Amino acid sequence: MTRARRLSGAIAALAVCAALVAAPFGLKPYGIYLLSLWAVMTIAAMGLNLTLGYAGQISLAQAAFVGIGAYTAAILTTQGWPFALAFVLSAALCFAIGWLLGYPALRVQHHYLAFVTLAFTTLVFLVLRNEEWLTGGIYGISGIPRPDVLGWSTGAPRDYYLFCLGMLGLVTLATGWLVRSPWGRAFMALRENPIRAASLGVDTRRYTLIAFALGAALGGIAGALYAPLVQFIDPTPFALGLSLNLLLMVLVGGSGFFFGPFLGALVSVLLPEWLRFTEGLYLLIYAAFVMALMAFCPSGLLGIAERLFRPAAKTDDAPATPAGKAAR
Amino acid sequence: MTDLVQLLVAGLATGAIYALVAVGFTLLWQTSQTINFAQGEFVMLPAFFVLAAMKFGGASFPVALLLGLVASLLILGVLFKKLLVDPMIRHGVLPLVISTIALALFLKEGVKEFYAADAQPFPALWATTNISIAGAVIALQNLIIIGVAIAAIAALQWFLAATRTGRSMQATAQNPLLARILGIRVERMILYTFLINAGLVALASVLISPIYLAKFSNGETLGLVAFIAAIVGGFNQVRGAIVGGLLLGVLDNLVAAYVSTQYRGAIPLFLLIAVILFRPQGLLGRIEERSV
C-alpha cells in the first residue's frame, strides 16, 4: 500500500468516525436506537466474520451467543452486579461455550456444521423460553439498567449510542490487530486449505476452536450491549431468524472482508427501515434485493467495490470470493 | 394401549408428511447440491395457489387442485431452478443458502401481503370421520394421509429404480460427469428432480392444510423438521428421508404425550446432533467421499 493510499484511507476513516459521532444530534430517539442497534449487530457480525469469513467455519449459532450474552448481562445487572463485571462474564461464558461448540466442528464440516450449529441455536432458544426460574420464560427480563462508565451515565439514548460506538471502536481495533497477527493468518490458512495449513505446522485443531470461541465471545459482547439498549429482553429475538440474519449480514457485506460486517449490518438494520414508506412491501423488496445481490455478486457489496476499484483482481478465482471458498 | 395406538397413528401421519417433504429436499441435494432453506415455504404455498384459484378464478375444488399443482410445478419447479439455482450454484453452496433464506422470506411476506395474514380454512379431500379399531379411535384422515404418502413414495421409488429416466436421474446424482459422457442429458434430469420436488411439496401441502389450516407462517417449523428428517435418515438416501420423517413424526407425538410438551421441539434437535456426531452419514446413509 502506498503512502498516499494509506493517507486517504486514514482520512476517510476519520470522516466516517466523525459522521458517526455527530449522527445522533440530528436524529429522533428511534433513529438513535437504530444506529445503536447497528453498532451492536456489527459487533456480532464481526464475530461471525471471524469464524466464517476468516477461518471458514460455517456457524448458525451466533444468535445463541448474542442471546447468552444478553441474558447473562441482564440477569446479573438486574441482581445489582456492576455492568463491567457482567460484561466480562458474558464474553467469557460465550468464549467457553463457543470453545465447546468448536469440538463438533473438528468432526464435521460444511453444511453438516451448519446443521449442528443451527440445532444449537434452537436448543438455546428453547432453554431461554422454558427455564422460567432463570430467564423469566416468555415474560422476559425487564428493567435492565444502563451502565455508568467512569461516572458518565449512559441512561439517555444518545449517551448509550456513543457508548456502543466506543465499544464498537475498541472491538474493531482488537479484531483488526487479531486478523493481522499470526493468529489471523493461521485462520485464513485454515479457510483456504486446511491440509496445507496442517502440513505447514499450523495446529488446525486449536485454531478451529479458537476461531469458534473468539467469534462466540464477540457475539456475547454484542448481547451484553444489546440487553441495556432495549432494556427488556425475551427469547424471541434470539431465535434462528437472528442467526440467519447475521449470516446474511456477513455475506451481504462481503465474507472475509474486514469491513464487510459494518456494511452488511447497515443493510440489514437500516434498509428495511428506509423501505418502510412502501408499507407492507418492504420485506418483499428487501428479500428480492438479497436474492439479486447473491445472484450477481456472491462476494457481497465489498466484493463489488473491489471489482470496481481493482479491475486486475476481477477473475472468479481471485481471493475476492472467500465466501465461495468457505462453502466448498 | 389404545392411547399408544392413537398416538402412533397420528405420529405416522405427521411423519408421512415430513417424509414427503424430506424426500424432495434430499433429491434436490443429490442432483444439484441445492440446500433449500425455503422448503417449508414451498409446502405452505401450493395450498394458497389452490385457494386463490377458487377465490379469484371461481374454479371448483378439483379444478383448483389441478391448477395448484400446475402452478407449483411451474413456479416451485421450473422458475425456482432457472431463476435462482442456475445462476448461483457455480458460486458454491453458501450464496445459494442465503438466497433460499431470502426466498423463504419473500414467499412468506408475499402471501401475507397479497392473500391473507390469518389462517385460512382449507377444504378436506375426504370426509373427516373417525373410525374405531379395537377400542382406539383413529381419524380416517390420518389413515388416508399415510396411504397417499406411501403410494406417492412407492411410485417415486419405482420410477427411480425401474424406468430409464429414473435410472438416468440416479446416474446424474452419482456422477454427473460420467452421466454426461454416457449421453444422459444431465440438465434435463436435474430439472426433473426439481419438478418431482415441486410435486411432492404440492402433495404435502394439500394433505396438511386441511388439518393445520393454510397460513403464511406454516413453513417455518415444517421446513426445519423436514430438514432434520433428511439428515437423521441419511442425506444421500431417499429411503433415509422416509425413515427420518416417520421417526420424527412418531417421536414428536410420543414425547409431547409422555415426556414434556415444552421440550418436544428439542427432541429432533438432540437426535440431529447425536446423528451428526456419531453417524454423520445418517441412520441409513452410505458413507460418501467428503470431508466429514
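The values are calculated or read from the model by the stated rules, or taken from the named source; none is laboratory data. Please read these numbers as outputs of a predicted model, since none were measured by experiment. As a convention, Cβ positions derive from the backbone with ideal geometry for all residues, glycine included, and neighbour counts pool all protein chains shown. Just so you know, the surface numbers come from the protein's heavy atoms only, side chains and all, with ligands and any DNA or RNA stripped out. Shrake-Rupley method; radii C 1.70, N 1.55, O 1.52, S 1.80 Å.
Table for the structure above
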| item | result |
| --- | --- |
| Extended-chain gain in nm, criterion 0.36 nm per residue less alpha-carbon gap, B:Leu4 and B:Gln174 | 57.1 nm |
| Relative contact order (%) - criterion: Cα under 8 Å, at least six apart; region: the range B:14-87 | 22 percent |
| Rel. contact order, % - alpha carbon contacts under 8 angstrom, at least six apart, chain A | 31 percent |
| Carbon plus sulfur fraction of accessible area for the range B:150-267, probe 1.4 Å, in percent | 64 percent |
| For a label point 7 Å along the Cα-to-beta-carbon line of B:Ile133, residues of the range B:12-53 with backbone N under 12 Å | B:12-13 |
| Delta accessible area of at least 40 Å² on complex formation, residues of the range B:89-105, 1.4 Å probe, chain isolated as reference | B:His91, B:Leu94, B:Pro95, B:Ile98, B:Ile101, B:Ala102, B:Leu105 |
| Helix-only CD estimate at 222 nm, as mean residue ellipticity for chain B, using -39500 (n - 2.57) per DSSP H run (n ≥ 4) | -23000 deg cm²/dmol |
| Förster-model FRET efficiency, 51 Å R0, A:Leu178 and B:Leu140, C-beta, rounded to 0.05 | 0.25 |
| Relative contact order %, the range B:148-262, counting alpha carbon pairs below 8 Å whose residues are six or more apart | 10 percent |
| The range B:185-256: trypsin sites (Lys or Arg not before Pro) in DSSP loop, at most 14 other beta carbons within 10 Å | B:Arg185 |
| Under 12 Å, Cβ to Cβ, from A:Asp159 - net charge with Lys/Arg +1 and Asp/Glu -1 | +1 |
| Hydrodynamic radius (Kirkwood) for chain A, which is based on Cα pairs only, to one decimal in Å | 20.3 Å |
| Within the range B:1-65, chymotrypsin sites (Phe, Trp or Tyr not before Pro) in DSSP loop having at most 10 other beta-carbon neighbours inside 10 Å | B:Phe56 |
| Using a Förster distance of 41 Å, the FRET efficiency for A:Glu273-B:Ala119 (Cβ separation, nearest 0.05) | 0.90 |
| Relative frequency of Cα-Cα separations exceeding 17 Å in the range B:198-237, percent | 39 percent |
| For the range B:1-154: Kirkwood Rh in Å [reciprocal of mean 1/r, alpha carbons] | 17.7 Å |
| Cα principal axis extents for chain B, largest first, Å | 59, 50, 36 |
| Per-selection Rg to Rh, the protein assembly as shown - Cα, Kirkwood hydrodynamic radius | 0.98 |
| Charge tally in the Cβ shell below 13 Å around A:Thr208, where Lys, Arg are +1 and Asp, Glu are -1, A:Thr208 excluded | +3 |
| Rounded accessible area per residue of the range B:1-92, 1.4 Å, Å² | 36 Å² |
| Candidates per chymotrypsin sites (Phe, Trp or Tyr not before Pro) in the range A:211-272, loop by DSSP, up to 15 other Cβ within 10 Å | none |
| Separation in nanometres of the label points that stand 7 Å from Cα toward Cβ, at B:Trp158 and A:Leu281 | 4.9 nm |
| Cut-off 14 Å between beta-carbons: net charge of the residues surrounding B:Phe227, Lys and Arg +1, Asp and Glu -1 | -2 |
| The range A:6-101, accessible surface, carbon-and-sulfur percent (1.4 angstrom probe) | 80 percent |
| Stretchable slack from A:Ala305 to A:Val21, in nm (0.36 nm times residue separation minus alpha-carbon distance) | 99.7 nm |
| Chains B and A, summed buried accessible surface - 1.4 Å probe, Å², nearest 100 | 3800 Å² |
| R0 of 22 Å, Cβ-Cβ distance A:Arg196-A:Tyr103: FRET efficiency to nearest 0.05 | 0.45 |
